[in-house]
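We did not get these values from a lab; they are worked out from the coordinates using the rules stated. Since the structure is predicted, the reported quantities are computational estimates derived from the model, not experimental observations. Don't worry about glycine lacking a Cβ; one is built from the backbone with ideal geometry, like all the others, and counts go over all protein chains shown.
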Amino acid sequence: MAKPSADIRTEYEKLKAEIERHNRLYYVEDKPAISDAAYDQLFDRLLEIEQQFPDLLSPDSPSQRVGAAPSKKFESVRHRVPMLSLQKVTTVEEFADFDRRVREGLETDTDIEYMVEPKLDGLAVELVYRDGLLVVGSTRGDGVNGENITANLKTIRNIPLKLSAQTARQFPLLEVRGEVIMKLSAFKKLNAQLESNEEQPLANTRNGAAGSLRQLDSKITASRPLLFYAYGISDTELPRPGSQSETIELLKAEGFSINEHMSPARGVTNVAKAFEKLSSIRPTLDYEIDGMVVKVNDFSSQRTLGQISRAPRWAVAWKFAAELAETILEGVEFSVGRTGVITPVAKLKPVRVSGVMVSNASLHNEDELTRLDVRCGDTVVVRRAGDVIPEVVEVILERRPKGAKPVSYPKTCPSCHQPIERLEGEAAHRCLNVACPAQIEGRLFHFASKGGMDIEGLGGKLAEQLRDAGLVHDPADVYALTKEQLLTLDLMGDKRAQNLLDAIDRSRHAELPRIIYALGIIGVGETAARILADELGTFDELAAASEERLQNINGIGPTIAGNIAQFFHHKANRTMIDKMKRGGVVFPVHQRKQTRGALLGRTFVITGTLSQPRDHFKALIESNGGKVTDSVTKKTDYLVCGEDAGSKLEKAKKLGVTVIDEQALLNLLSREP
Ligand code: IVH
């Protein structure tokens, strides 16, 4: 292969820098300096050199922005510092409460300086730069583990692939966080295009951004009009700017796009003014925002305040009130949930609310139906707040068509036609027939869901088929399914049947909290299931626990405790559990995970001579939620290094593992968890 001459090398480096400068002018500063044709010429020359001298090709080349070969699935990546979520407020009073808690936490009476930032409605991502190069980009995921979507993020033209040499030196590791969005104008154009190609249009800009980023083929991502706006850096590494406003300055100087409406505001009154202002300009913006993020500006104050569970005490999302829309009620249907609750559902003429097309809305229960007195043909007001299920809030009586008939509540279950009842003290009507087909289907769907036994491929449609074929009466029956039985179902080929059986088999080893959740005990969601597993450790302990013992568990109230006791009292449920055991479900002992500690989820290796024996530091790390292993690998987060370190230090340097000394370890510990 031909070796590039020094001239070619220089030309190549210059071209890379020049193209990135134009990317920046065009995508970040909105001030293009050359014509598209001149840009294409530079780009073609770059590609020519790379083709001729493939050895030159570097990961920060603008050519890497066109997308890589499709991948089979996204790898999981752990965030060194968890990506937190935010507490929410919707009124000035609630914000003033938040502010009071901040001042109490900081033991001060003076007004707090906040940064106020539009809350962009896209997808949160993290970009990891090592020695100035973008090496990993990931989604937020569950906050601790995200998906590695580096190839896709590299296609976003306003994301720097390389930082300045000075920043690279100052921050050998820099983790930038922000939001990927699709502008409204670009979204509309893209949808028109998709529709004219008879492809499925995107529901809203957030789905547009999320769907485009989660493409396994990054060439598709490259074709989508996405932009990244940075709003912070994670606090893994010192030195660090001293405040949020300094961070924003640093990011801006490095060429990251920053939202133009971020600003400091001191005290509740000024923050409230900023909120009013943002609300008023919202309709003029070419991107969707769902509120304002308010952050305590000073980082040492942030550290003092720390966090509660997964949200910081130093920031809050001040959300806009739910959006309203008017439409026509075309009919009312009654749906039966897995617990037998009957819910009236409004069938609406499709209408756009907060960026989503809505055609169904909950009418909750009979009392609500009576209160609203909705009738077919009525014009109704529909509300949707964030991810919440839309609901009908009001009927516009003046526009009621003549002769509109009231909706009559059914006397029997729409699924099994048995009489339905309204239990004392409940607003809901229930079908009490445990063999009701809708309930069987609902329980199976819940059992197999992602938070439950996570049986991939077993969704609503298949649950319905399995029930209709009489193959499943209760969820435990899935463990007795055979391939022959599956093959009798519509649209079921050999491959799909085998995949399903494999997924069922994997679920036999589900962790205890999943099993508890999957049972579908009323009121026991994922959080309660985890608390129960943490507290009781085994399934048998749970099944044997008295109502009183359950009530005494922190986080489990009397109603849930009662529901659990009742669940295990029912013979049908005990039979189902026996069937699961016979079907090979393991019911593992639950290892309680440490959920607190400044070093939670970090892996350390200790080397060299320290001021105290290694076991001392090992115990210290472990008691703060960290893990200590013997050898340095890619998965190591920190090498704690004393005097006279040898091969481990070298390996850490080679792998880019962060090396810290004893004092830096103690600094990490003093950080708020
Ligand atoms: S700060 C602890 N700043 O809102 C700080 N988040 O739950 C957490 N978001 O999806 C994030 N604009 O991506 C922050 N200026 C902003 C933001 C912002 C949008 C999103 C974020 C996440 C959600 C926070």
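In Å and whole numbers, how far do the C-alpha atoms of region 466-544 stretch along each principal axis, longest first?
43, 22, 20
For region 534-543, take each phi angle, set θ = phi - 60°, evaluate the Karplus expression 6.51 cos²θ - 1.76 cosθ + 1.60, and give the result in whole Hz per residue in order, putting x for glycine and proline.
With the stated coefficients, region 534-543 comes to 4, 7, 9, x, 9, 5, 4, 4, 5, 5 Hz.
Can you give me the P(r) profile for region 72-161? Cα pairs, bins 5 angstrom wide beginning at 0, each as a whole percent.
3, 11, 16, 16, 14, 12, 10, 11, 6, 1, 0, 0
Expressed in nm to one decimal, what extension gain is obtained for the pair Thr609 and Ala272 from 0.36 nm per residue of sequence separation less their Cα-Cα distance?
Values: separation 337, 0.36 × 337 = 121.32 nm, distance 5.47 nm.
Computed gain between Thr609 and Ala272 is 115.9 nm.
At a threshold of 8 angstrom on Cα-Cα distance, excluding pairs fewer than six apart, so keeping six or more, what relative contact order does the chain reach in percent?
Working: 1175 pairs, mean separation 61.5, N = 673.
Taking the mean separation of contacting Cα pairs over the length of the chain, I get 9 percent.
Using the number of other C-beta atoms within 10 angstrom as an exposure proxy, rank Leu542, Leu324 with the fewest first.
Leu324, Leu542
Once you've got the Cα coordinates, tell me which of Lys162/Lys648; Lys495/Lys581; Lys16/Lys654; Lys618/Lys651 are over 22 Å apart.
Lys162/Lys648; Lys495/Lys581; Lys16/Lys654
With a cap of 12 neighbouring Cβ atoms within 10 Å, and only residues DSSP puts in a loop, list the GluC sites (Glu not before Pro) found in region 181-243.
Glu198, Glu199
Once you put a point 7 Å from the Cα of Arg303 and another 7 Å from the Cα of Leu25, both along the Cβ direction, what distance in nm separates them?
4.2 nm
Each residue of region 442-447 in turn: what ³J(HN,Hα) in whole Hz from Karplus with 6.51, -1.76, 1.60 and θ = phi - 60°, glycine and Pro shown as x?
Karplus-based 3J(HN,Hα) across region 442-447 equals x, 5, 5, 4, 5, 4 Hz.
Any idea what the relative contact order of region 298-357 is, in percent, if you count C-alpha pairs under 8 Å spaced at least 6 apart?
Worked out over region 298-357, it gives 25 percent.
So, in nm, how far is label Lys571 from label Glu622 when the simple model puts each one 7 Å beyond its Cα toward the Cβ?
5.0 nm
Which of the three applies to region 463-502, rounded, prolate or oblate, going by the alpha-carbon gyration tensor with a ≥ b ≥ c and a/c under 1.5 meaning rounded?
Oblate shape, in that a/c is at least 1.5 and b/c is the bigger or equal ratio.
Got a sec to turn the phi values of region 169-186 into Karplus ³J(HN,Hα) couplings, 6.51 cos²θ - 1.76 cosθ + 1.60 with θ = phi - 60°, whole Hz, x for Gly and Pro?
Along region 169-186, the couplings run 6, 6, 10, x, 10, 10, 10, 9, 10, x, 10, 9, 10, 10, 5, 4, 5, 5 Hz.
What does the helix-only formula give at 222 nm for the chain: each DSSP H stretch with n ≥ 4 adding -39500 (n - 2.57), the total divided by the residues, and the result rounded to the nearest 500 deg cm²/dmol?
Using -39500 (n - 2.57) per qualifying helix, the result is -11000 deg cm²/dmol.
Here are some pairs, Lys3/Lys219; Lys273/Lys295; Lys295/Lys627; Lys189/Lys347; which of them have Cα atoms lying more than 27 Å apart in this structure?
Beyond 27 Å: Lys3/Lys219; Lys295/Lys627; Lys189/Lys347.
Can you tell me which aspartates and glutamates have their Cα less than 19 Å from the Cα of Lys73? Leave out same-chain residues fewer than eight positions away.
Once the sequence-local aspartates and glutamates are set aside, what remains near Lys73 is Glu126, Asp142, Glu147, Asp217, Asp454, Glu456, Asp502.
Take the chain, drop everything but the C-alpha atoms, weight them equally and run the Debye formula without solvent; then report log10 I(q)/I(0) at 0.05, 0.08, 0.10 Å⁻¹ to two decimals.
Debye curve over Cα of the chain, log10 I(q)/I(0) at q = 0.05, 0.08, 0.10 Å⁻¹: -0.31, -0.81, -1.26.
Using only Cα atoms, find the angle between the long axis of helix 6-23 and the longest principal axis of the chain, and express it within 0 to 90 degrees, rounded to the nearest 10.
The angle comes out at about 40 degrees.
Which cysteines does the chain leave without a neighbouring Cys Cβ under 4.7 Å?
For the chain, the answer is Cys376, Cys641, because their Cβ atoms have no other cysteine Cβ under 4.7 Å.
Once you sort the root eigenvalues of the Cα gyration tensor of region 136-214 as a ≥ b ≥ c, which label holds: rounded (a/c under 1.5), prolate (a/b larger than b/c) or oblate (the other case)?
Prolate is the answer for region 136-214, as a/c is 1.5 or above and a/b outweighs b/c.
Calculate the spin-label point distance for Ala435 paired with Ile8, positioning each point 7 Å from the Cα along the beta-carbon direction, and give it in nanometres.
Distance between label points: 8.0 nm.
When the label point is put 7 Å from the Cα of Glu511 along its Cα-to-beta-carbon vector, which residues of region 573-613 have a backbone N closer than 17 Å?
Only 586-597, 600-603 fall inside the zone, counting backbone N under 17 Å.
At a 10 Å Cβ-Cβ cut-off, how would you order Ser245, Ser408, fewest neighbours first?
Ordered by Cβ neighbours within 10 Å, fewest first: Ser408, Ser245.
Test of the criteria: in region 331-425, which GluC sites (Glu not before Pro) are in a DSSP loop and have at most 13 other Cβ atoms within 10 angstrom of their Cβ?
On the way: sites: Glu333, Glu366, Glu368, Glu391, Glu394, Glu398, Glu421, Glu424; in loops: Glu424.
Loop-located and lightly packed - Glu424.
Rounded to the nearest 0.05, what FRET efficiency is calculated for Ala664 and Met357 with R0 set to 51 Å and r the Cβ-Cβ distance?
With a Förster radius of 51 Å, E is 0.45.
Within the P(r) computed for region 580-640, what percentage of the Cα pairs occupies the region above 19 Å?
In whole percent, the long-distance tail amounts to 45.
How high is the relative contact order of region 45-193, in percent, counting Cα pairs under 8 Å that sit 6 or more residues apart? If you can, show how the numbers build up before the last one.
On the way: 165 pairs, mean separation 42.9, N = 149.
So the answer I get is 29 percent.
Could you quote the convex hull projected area for region 229-311, Cα atoms only and averaged over all directions, in nm²? Display every interim value, and only then the final one.
Values: hull surface 26.8 nm².
For region 229-311, the mean projected area of the Cα convex hull comes to 6.7 nm².
Assuming 0.36 nm per residue, please report the length gained on full extension of the stretch Ile389 to Arg549 beyond their Cα-Cα distance.
Between Ile389 and Arg549, full extension yields 54.1 nm more.
Please give the residues of region 616-635, grouped as numeric ranges, whose backbone N is less than 11 Å from a label point set 7 Å along the Cα-to-Cβ vector of Leu655.
Backbone N within reach: 629-635.
Quick one: angle between helix 614-623 and the longest Cα principal axis of the chain, in degrees between 0 and 90, rounded to 10, please.
Approximately 40 degrees, to the nearest ten.
In µm²/s, what is D for region 11-92 at 10 °C and 1.306 mPa s, where D = kT/(6 pi eta Rh) by Stokes-Einstein and Rh is the Kirkwood radius from Cα pairs?
98 µm²/s
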